[in-house]
Amino acid sequence: MKLVVQIPCLNEEETLPLVLESIPREIPGIDEIVVLVIDDGCSDRTVEIARQHGVTEFVHHARNQGLGRSFHDGVVRALELGADIVVNTDGDNQYPQDQITNLVQPIVHGKADIVIADRQVHLVEHFSWAKKKLQKLGSRVVNRAAGTELPDAASGFRAYSRESLMVLNTITRFSYCMETIIQAGNKRLRIESIPVTTNAKTRESRLFKSTPEHVVKSGAAIVRSSLMYKPYAVFAWLTAIFGLLGLIPFVRYFVLWLGDREGGHVQSLLLGSLLLIIAFMSLMLGVISDLIRTNRILIEINLEHTKKARFGKSGTEMMRDQTSVPQFDAPMAAAKASGTARP
């Protein structure tokens, strides 16, 4: 099997050597290991240092494109290289690359399509109390949307099988972490998690400037992905909520009307009508969104076939083809061995 370890980088000249030196050179079940560096608009010596450490495969961005796009472009290049498994780690050395061996084993043995490293957030010393709680809450929300039970949904230290990457499609430029889990969960891919211990903090995160920004962007990614795969559930809830709220003013109006209270109480009718109109619009949006979801599924099936046609065979399949003898040549080979072949 062929493993590609991809490393998205943005000015990581100081920490990249630590990452490259800690990547295993031999892994049970893996025949070839390739390191792929994604240069996301680096302005320092990151690329030069990577070459000095023997890296030969790169993806270059003229300017910073974001983590989501870097992951996408790295995966495309890894598939072009014939990767059977793609491991994503970070250039800041926050993840323990020596655990890549354990990370890929469930995929090597056919027990998982995706393996996510659990950073054991409660043990990370440089995480504040608030960040630990938000990480836990975020994982709970993602698990609810994806139908999974992952302890650390925000972890970017992951291994993907070739088959899983054929059906996953990232859209957001912020971060692929939440989006790919929700997609994988709704596409019934097998996801496992293994505990790891992170390395010491080397720098501040460049993915977001503040915790509120991280919460807003992550929340937006979760909502967007949820709407893509379960729009009917979202709009059904909105329809039910506004429908019930719309009935309350009507009930109030009829109670007052039956009691012969003075006043027309038209405001109750207006408010109730407005809320019921919103409920009806939510219902219609749900129907339209579900039709769009059906169309998206058909497009994704077509995209999967396109990927398989574009990227061809994996490293394992190519090795198998090279070592196997075609069936139509087998009788001739046997005849030559016995000396009975005709000239």
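Between beta-carbons, use under 15 Å as the cut-off and find the net charge around residue 227, counting Lys and Arg +1, Asp and Glu -1.
+3
So which of 132/201; 136/217; 217/313 end up more than 27 Å apart, counting from Cα to Cα?
Checking Cα-Cα distances, 217/313 exceed 27 Å.
Identify all aspartates and glutamates with a Cα-Cα distance to residue 187 below 14 Å; exclude those on the same chain that are fewer than 8 residues away in sequence.
113, 163, 179, 300, 304
Please sort by residue number the trypsin sites (Lys or Arg not before Pro) in segment 239-301 whose DSSP state is loop and whose Cβ has at most 16 other Cβ atoms within 10 Å.
Within segment 239-301, the qualifying trypsin sites (Lys or Arg not before Pro) (loop, at most 16 other Cβ atoms within 10 Å) are 261.
Taking the chain as a Gaussian network, where each spring joins two C-alpha atoms under 10 Å apart, which residue of 94, 267, 105 fluctuates the most?
267
When you count, for each residue, the other Cβ atoms within 10 Å and take the mean per peptide, how do 4-16, 63-75 rank with the highest first?
Numbers: 4-16: 23.4, 63-75: 19.9.
Highest mean packing first, the order is 4-16, 63-75.
Check residue 57: other-chain or 5+ apart residues with amide H under 5 Å from its amide H, H built from backbone geometry?
Here the answer is 37, since their amide H atoms fall under 5 Å of that of residue 57.
Have a look at the DSSP beta bridges in the chain and tell me what percent are antiparallel, nearest 5. Present the calculation step by step, with values, prior to reporting the outcome.
Details: 7 of 29 bridges.
Here the antiparallel bridges make up roughly 25 percent for the chain.
Given an 8 Å cut-off on Cα distances and at least 6 residues of separation, report the relative contact order of the chain as a percent.
Details: 514 pairs, mean separation 58.8, N = 343.
Relative contact order of the chain: 17 percent.
Using +1 on the beta carbon of Lys and Arg, -1 on that of Asp and Glu, and nothing else charged, what's the dipole of segment 47-198 about the Cα centre, debye to 20?
For segment 47-198, the charge dipole is close to 600 debye.
With semi-axes √(5λ) of the Cα gyration tensor in Å as the read-out, I listed [x] 50, 29, 17; [y] 55, 28, 17; [z] 37, 29, 16; which label goes with the value calculated from this structure?
[x]
Each reported figure results from applying straightforward, stated rules to the coordinates on display, with no laboratory input. Computed from a predicted model, the values in this text were never measured in an experiment. Counting neighbours? That spans all protein chains shown, and the Cβs are built from the backbone with ideal geometry, glycine included.
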